[in-house]
Amino acid sequence: MRKKSTAGFVLFFLALLFWQPGFSGAQENGPIQIIDARGSDFIILTQGRRAVYGAERFREASVYLNVGDMLQTGPDSFAELRFSGGALLKVAENSSLLIGEGGVETAIRLFYGRLRFRTAPGRGFAISAASRSVELDSGDAAADYMLRPGSASAKPFLTVSVFGGNARIRAGDQSPFHELAAFERLGLEETSSFAWAERGIVDDETLAYWNAHNFLGGPPLVRPGTVVAEPESEQSRQIPFTLPDTSVFRQTNRMKNVMTATGLVFSLAGLGLNGAGFWHLEWENYDTARMFLISGAAVSGFGILSLIGSLMTNPPSDAALNAANAPAVRP
């Protein structure tokens, strides 16, 4: 489970501060029904009034919401909403949202937090977060709109995870839609200078979180595995194997061997020339000795440079290359 966001606490207590204190009775009717609530208190803001509900005071099938109402969950509090058309909305802890902006069942405005929503075919669902929007044609999905640790942006980071069906995500009013299928996820982040999308598969942390806080009676979320059919023949059991291209390494190996041999030959030749130079010194043939010593130093120097170059060239060994090119062995 993700760590509780400090920003969630701030939103929760700001709601307490800027709305008049008090307790209003449960709404007796409305198009959206709170069918379950767990954990600590949550707040409903409706027509300028603030209603506080706790798990011990919650009465099943007695709390309703209307278009324009605001719901704020506190630390460790969760609420499950059912719309008149059958769509379900799970509101996680430290979340704040506005109900029915633009229509009773067509849009939810998410200010901060985490949501999970499920709808049937023909009952589309939409969520907006700042300039970004999510449309679920049918199926099951979740949206996180929270500050991202370590991000350079001061704006919350929107991540949409699809568990079933199809969803469309748009970064802004003029931006194209990103299409998501089951068990795909998309993150959208904006800074003062750029906006970018991060696409992948639904991570295990998200699956574990929504399995721990599932819909009432909902089946667990399990990423589908790959079904492998039994092969019909020996040929079908062969795994395609492409031999790696080791020609570049073999050329480097040959170069290393040539440099090593050259270095040894020139180093030995240089030692021989130097030996001849010292022999001429003993016979006081100074000009001849100088010629041999200078020649020997030059030849030895070239040999040493070749050996150094050989030591700095480290391709894979011939044995390793031969093993890489060996044919695959089937069990």
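The values are calculated or read from the model by the stated rules, or taken from the named source; none is laboratory data. Keep in mind that this is a model prediction, so the values were computed, not measured. Virtual Cβ from ideal backbone geometry, glycine too; neighbours counted across all protein chains shown.
One residue alone among S236, S267 is at pLDDT below 75 and either polar (S, T, N, Q) or surrounded by 11 or more Cβ atoms within 10 Å (Cβ to Cβ) (or both), and that residue is S236. Can you say whether I32 is among the hydrophobic types (A, V, I, L, M, F, W, C), modelled with pLDDT of 85 or more, in contact with a helix residue (DSSP H, G or I) (Cβ under 6 Å, 6 or more places away or on another chain) and assigned by TED's automatic domain parsing to the domain that holds G113, as far as the supplied structure shows? No, not satisfied. Every condition in (1) under 23 Å from L207 (Cβ atoms); (2) at pLDDT below 85 is met by Y112 except one, and the failing one is (2).
Screening A182, A154, A167 for residues that are assigned to a loop (DSSP other than H, G, I, E, B), over 25 Å from S77 (Cα atoms), of a type outside the set (V, I, T) and at pLDDT 85 or above leaves exactly one candidate, A182.
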